[in-house]
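Read-outs throughout are calculated quantities, based only on the coordinates presented, and are distinct from any laboratory measurement. From a predicted model like this one, the values you see are computed outputs, not experimental measurements. Every residue, glycine among them, receives a Cβ derived from its backbone with ideal geometry; neighbour counts consider all protein chains shown.
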Amino acid sequence: MAGNLSFDELKTAAGSGDIDTVLVCCVDMQGRLMGKRFHVQNFIESSHEETHCCNYILATDLEMATPDGYATTSWQAGYGDYVMKPDLSTLRRIPWLEGTAMVLCDLLDHHNHEPVPQSPRQILKVQIARLKDLGYEAMMATELEFFLFEQSFRELAQSGYRELTPISAYNEDYHILQTTKEEGVMRPVRNHLFAAGIPVENTKGEAETGQEELNIRYAEALDCADHHTIAKHAVKEIAWAQGRSVTFLPKWHPQKVGSSSHVHMSLWAGKTPVFRDENAAHGMSELMRHFMAGLIEYAADYTCFLAPYVNSYKRFMKGTFAPTRTVWSVDNRTAGFRLCGENSKAVRVECRIGGSDMNPYLAQAALLAAGIKGIEDKLDLAPPTGGDVYENAEAKHIPSTLRAAIETLRASAMLRAAMGDAVVDHYVRCAEWEQEEFDKAVTDWEIARGFERA
Ligand code: ADP
């Protein structure tokens, strides 16, 4: 199940005054919900068919700047429209907002109503279809880590993000006592999301002051990405409503560990988990071995989709549980890929490279593309790596800067074949712009280091 509200149920709820607003949303390049707030009557009468948005929605940065260099749109082309086509299977109640429902949209070309290839939802749909042609579906789960702060977003912005006070004063990994103190925010997060049709498993304290983890039950890949996006949005809104703030920035403090978004993956044929072979080592099927070999072989190609900003690369530090090397291990959290559910029906691979800032549609699409390539080429999986992988000099490195990851993405024949040049070029430009903007910044670090002593 994707959403939890049928169109007929929406009509009934509108009639009784139970729902008066429908959030009609698409997903932008950064993985954010963008769209319009419709009066429910207008949605029922017409805009459930389609509405429109400026096509810069897939060509802006976090601050809604309008960088040049995109083939899809520009000042020159006049910034026309995209069609926002509601996917009514995603219609759901949004219990944390009064009288409100939400629907996710696909973006279509304004003239011919074809899907926009650069749209994150479409990019993932293409890889799901390729996998389906091989006879499989992907079940995926993306963990959400973030930090919760005592102050509001506005207070922190007004202080220039100087006085950030995490909600707890100590590492709260698995702590029940500390997380009890955070239930004011985290209990509504779990319950509202669950009531919105998102199968929340649990929340827990994570391994830093004020760090949280939200786990959602694995689902078919598109549902998983939808769940992630709505959950991330909900966490921000629920914290905001209580005068608190959260950040999904992977590394907000140099001495504190960063926030990840690990991705769990297994392939299924109908109801059968096809990563499982009870007679093989670790219970891993040949298919799983090829898929994992593809993930590892092409990790550098797709790192940009798992770590899209300059800040994302500050998280990859040894001794922090964030990986630095592209090898696999058996239940070992120092490697980029971890075998989970060994010898069980739930045997799966966890990719630990993604940061909390990843766009889940792009991340999952890129991972599937790499896994599919591994299956198609029957790639061999090397033996697992043990011990402290940070110190394993033979293991290949994840690109350590956005600059390096842009180049491996640009040069990726695998992703160009799987996604198309138009998509790869678009996201290369997106990442280049991030780097260009950063290169213009004069940072606090430079000033503190050099002001007197340079
Ligand atoms: P961790 O120790 O990494 O926190 P968990 O046991 O909490 O691991 O599981 C993490 C995620 O893996 C959960 O979201 C769960 O739904 C998902 N998961 C469990 N089984 C599978 C599977 N067969 N395929 C994909 N994801 C799965």
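For the pairs K36/K125; K204/K378; K125/K232; K373/K440; K132/K345, flag any whose C-alpha to C-alpha distance is greater than 30 Å. It would help to have the intermediate numbers written out before the result.
On the way: K36/K125 23 Å; K204/K378 38 Å; K125/K232 21 Å; K373/K440 38 Å; K132/K345 21 Å.
From the list (K36/K125; K204/K378; K125/K232; K373/K440; K132/K345), the Cα-Cα distance tops 30 Å for K204/K378; K373/K440.
Considering Cα pairs under 8 angstrom that are at least six residues apart, work out the relative contact order of segment 7-115 and quote it in whole percent. Can you show the working numbers first?
Details: 178 pairs, mean separation 31.3, N = 109.
Reported relative contact order: 29 percent.
Under 37 °C and 0.692 mPa s, how fast does the chain diffuse according to Stokes-Einstein, given a Kirkwood radius computed over C-alpha pairs? Answer in µm²/s, whole number.
Numbers: Rh = 22.8 Å.
Result for D is 144 µm²/s.
So if we plug the beta-carbon distance of D109 and K132 into 1/(1 + (r/R0)^6) with R0 = 22 Å, what FRET efficiency do we get, rounded to 0.05?
Values: r = 23 Å, r/R0 = 1.07.
After rounding to 0.05, the efficiency reads 0.40.
Can you give the percent of C-alpha pairs in segment 137-276 whose distance is more than 20 Å? Numbers along the way, then the final one.
Numbers: 4704 of 9730 pairs.
Result for the distance tail: 48 percent.
Over the chain, what is the relative contact order in whole percent, taking alpha-carbon pairs under 8 Å and six or more residues apart?
Numbers: 913 pairs, mean separation 67.4, N = 454.
Rounded, it is 15 percent for the chain.
Restricting things to alpha carbons, find the Rg to Rh ratio for segment 7-115 using the Kirkwood radius for Rh. Could the numbers behind the result be given before it?
Working: Rg = 15.2 Å, Rh = 14.8 Å.
We get a ratio of 1.03 for segment 7-115.
Got the relative contact order for segment 325-442 handy, in percent, Cα pairs under 8 Å and 6 or more residues apart? Each step should come with its number before you reach the end.
Numbers: 107 pairs, mean separation 27.9, N = 118.
Here the relative contact order equals 24 percent.
If I stretch the segment between T165 and E50 completely, what's the gain in nm (0.36 nm per residue apart, minus their alpha carbon distance), one decimal?
Working: separation 115, 0.36 × 115 = 41.40 nm, distance 4.34 nm.
Taking T165 through E50 to full extension adds about 37.1 nm, to one decimal.
Quick one: net charge around M288, please, counting Lys, Arg +1 and Asp, Glu -1 for every other residue with C-beta under 9 Å from its C-beta.
Net charge in that neighbourhood comes out at +1.
Over all directions, what mean area does the Cα convex hull of segment 185-260 project, stated in square nanometres? Write down the numbers at each step before the final one.
Numbers: hull surface 20.5 nm².
Averaging across all directions leaves 5.1 nm² for the Cα convex hull.
Just to confirm the filter: which GluC sites (Glu not before Pro) across segment 384-431 are DSSP coil and have at most 15 other Cβ within 10 angstrom of their Cβ? Walk me through the numbers on the way to the answer.
Numbers: sites: E391, E394, E407; in loops: E394.
Answer in residue order: E394.
Provide the descending list of Cα extents for segment 237-300 along its principal axes, expressed in whole angstroms.
53, 29, 19
Quote the FRET efficiency, to the nearest 0.05, computed for K378 versus H282 with a Förster distance R0 of 22 Å and r equal to the Cβ-Cβ distance.
On the way: r = 19 Å, r/R0 = 0.85.
The pair K378/H282 has a calculated efficiency of 0.70.
By count of other Cβ within 10 Å, fewest leading, how are D425, D8 ordered? Before the final figure, lay out each step's value.
Numbers: D425 18, D8 8.
Going from least to most buried by this count: D8, D425.
Can you sort R93, R154 so the residue with the fewest Cβ neighbours within 10 Å comes first? Mind dumping the intermediate values first?
Values: R93 22, R154 11.
Neighbour counts put them in this order, fewest first: R154, R93.
If you add up the charges near A417, with Lys and Arg at +1 and Asp and Glu at -1, over every other residue whose beta carbon is less than 12 angstrom from its beta carbon, what do you get?
Spelling it out: positives minus negatives among the neighbours equals -1.
Taking the simple approach of a point 7 Å from Cα along Cα-to-Cβ for both A346 and D173, what is their distance in nm?
Distance between the two pseudo-spin positions: 2.0 nm.
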